[in-house]
Each structure stands twice: as structure tokens, then as C-alpha cells.
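All remarks here apply to the structure that follows.
The values are calculated or read from the model by the stated rules, or taken from the named source; none is laboratory data. Computed from a predicted structure; not experimentally measured. Counting neighbours? That spans all protein chains shown, and the Cβs are built from the backbone with ideal geometry, glycine included. Please note that ligands, DNA and RNA were not included when accessible areas were found on the heavy atoms of the full protein model with its side chains. Shrake-Rupley method; radii C 1.70, N 1.55, O 1.52, S 1.80 Å.
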Amino acid sequence: MKKVFLGLFSGILVVALSASAFALTLIPNKYSDVSNEVVDGKYAGTKYFKAINFLSDEGVVNGYPDGTYKPNNSINRAEFLKIVIEAFYNDEFASFSDKSCFTDVKAKEWYTKYVCFAKDQGIVNGYEDKTFRPVNTINLVEALKITLKVFGYEYEESDPWNKGLVE
């Protein structure tokens, strides 16, 4: 069931949450706004160049239709969920693209299969108003909850919902 191992997920968190740097490797540019440029013998390219290209090669990320990756953008809830689901699962989520599992997650959106699969698996619950808010920027505690749920780690459920995660 596991498509990739924990090491890959570490790379995902690095790319998604900008946690650490990767060394320079001469790899061709996949995206017009991601480079591994060296100027005067010093690395001047995109931070996380190697991780971005690795995840792209693995099919976990694919950038935007205009050929960019937008490495400096914040990541939203739908994008983070896609990265985690693509990294951990094979293709169990494919059949969920025709579902509408939250009032703001309609069938056939690019993120529908990831969000509805995650809801079905108990990875995400959404908000009390029956929304998921896919375009909201994800925060650290939300990313942590998704990560722990996907990898099957236990944590104490609490009120408020994030107290047990933070502790």
C-alpha cells in the first residue's frame, strides 16, 4: 500500500513547509522558475531545487500549466493534501474524483479525489460548516495532523482539536 517510504515524506515536508536546504546537484531545470544556477562559484539557484525535482520525477508534484513551480508561494490545504496522498498511496484515490464530499469541494476539481479520499479515510474532517476550504493556506498544525493520520501515528484527541497535536 505504501508507495514511498518515510524518507520521501521528509522531502515533501521540506518542499511544502520550507524546513531545510538541499545540496546543489547539476540537474536540468524542469520548471522555468526553478534553477540550479551557480554564480561566481557559489550556489545562487532555487532553495530546495533537488527536492522539487525529486518529487517531480516521482510524480508527486507537477507544477502549474504554464511550466512554473512557484517555489516561493504558500501552499494551500488542497495542494498539501495532494502531495501527501500522492506520496503515500498508489492510486486508491482515483475513484473519488466524481464525488462531492464538502460543500466547497465539487466533483471533478483537480483536488477532489485527494480531499474526498482523505475524508473517506478519516485523514481530514473539514470544518463545522461542512466545508474543507481547499484554497486556504495550510498551517503547521493542520499539516501535522494530516501527516500523522496518513502515517498511522496516534495522538490524543482533544478540545480544541489541535491541543493534542501540539502537545
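Legend: residues 156, 92, sorted from most to least accessible area (1.4 Å probe; ligands, DNA and RNA excluded), read 156, 92. For the stretch 108-149, the gyration tensor built on C-alpha atoms gives a rounded shape. Its axis ratio a/c (a ≥ b ≥ c) stays under 1.5.
Each semi-axis of the equivalent ellipsoid for the stretch 18-167 is √(5λ) with λ an eigenvalue of the Cα gyration tensor; in descending order they amount to 31, 19, 13 Å. Phi angles across the stretch 125-139 convert, under the Karplus curve 6.51 cos²θ - 1.76 cosθ + 1.60 with θ = phi - 60°, into 3J(HN,Hα) values of 10, x, 9, 4, 7, 6, 10, 10, 6, x, 8, 5, 4, 6, 9 Hz, Gly and Pro given as x.
When nucleic acids and ligands are ignored and a 1.4 Å probe is applied, residue 43 ends up with an accessible area of around 90 Å².
Computed from backbone phi with θ = phi - 60° and the Karplus coefficients 6.51, -1.76 and 1.60, the 3J(HN,Hα) list for the stretch 108-120 is 6, 6, 4, 9, 4, 4, 6, 5, 5, 4, 4, 5, 4 Hz; x is used for glycine and proline. Shape call for the stretch 79-158 from the C-alpha gyration tensor, a ≥ b ≥ c root eigenvalues: rounded (a/c under 1.5), prolate (a/b greater than b/c) or oblate? Judged from the Cα gyration tensor, the stretch 79-158 comes out oblate (a/c at least 1.5, b/c at or above a/b). Scoring 79-86, 55-62, 158-165 by mean Cβ neighbours within 10 Å over their residues and listing the highest first yields 79-86, 55-62, 158-165. Placing +1 on the Cβ of every Lys and Arg and -1 on the Cβ of every Asp and Glu, with no other charges, gives the stretch 97-139 a dipole of roughly 120 debye about its Cα centre. Sequence-ordered 3J(HN,Hα) estimates for the stretch 80-90 from the Karplus curve with 6.51, -1.76 and 1.60 and θ = phi - 60° stand at 4, 4, 4, 4, 5, 5, 4, 6, 9, 9, 6 Hz, glycine and proline given as x.
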